[in-house]
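The values are calculated or read from the model by the stated rules, or taken from the named source; none is laboratory data. The structure presented is a predicted model; accordingly, all values stated were derived computationally and were not measured. Note: ideal-geometry Cβ built from the backbone for every residue, glycine included; neighbour counts use all protein chains shown.
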Amino acid sequence: LYEKPSLSAQPGPKVQAGESVTLSCSSRSSYDMYHLSREGGAHERRLPAVRKVNRTFQADFPLGPATHGGTYRCFGSFRHSPYEWSDPSDPLLVSVTGNPSSSWPSPTEPSSKSGNLRHLHILIGTSVVKIPFTILLFFLLHRWCSNKKKCCCNGPRACREQK
């Protein structure tokens, strides 16, 4: 297989809460894309590789203000075979110390609570629209059927008089 990339953190793997941290994935192999994953995380992030002066290929993943740590790994892949990845980098433990200045989640990592709340608002909103629409549709269908029934029962002459 291909050479595994290396993963590092700037300013370092130990940061104060609220401090910005960037994870850099690099290799001498000419990967086109780097993929960053966090243990226990649902999503993987990816960025195109940039060729550096020292003949390495690198991608910098800004994580924003640190709120909580985790163990990260990165992988490299090529454009011509995007599903064939390198071996993972060695794990990098990012630890956050101190109290964050606010309880807001990192902008690059939305909390599941806010996502669930957003879905709840969407479900309620669509239900509020569907119920009156269904009632209106039922009412119009009922009127149409009752008018048609009158025409059938009273003969064609009654239908012409209604129009």
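Figures for the structure shown
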read-out	value
Meets criteria (among the basic types (Lys, Arg) and either modelled with pLDDT under 90 or surrounded by 12 or more Cβ atoms within 10 Å (Cβ to Cβ) (or both)) for Arg51	no
Verdict on Gly40 being surrounded by 13 or more Cβ atoms within 10 Å (Cβ to Cβ), within 23 Å of the chain's Cα centre (by Cα) and either charged (D, E, K, R) or modelled with pLDDT under 95 (or both)	no
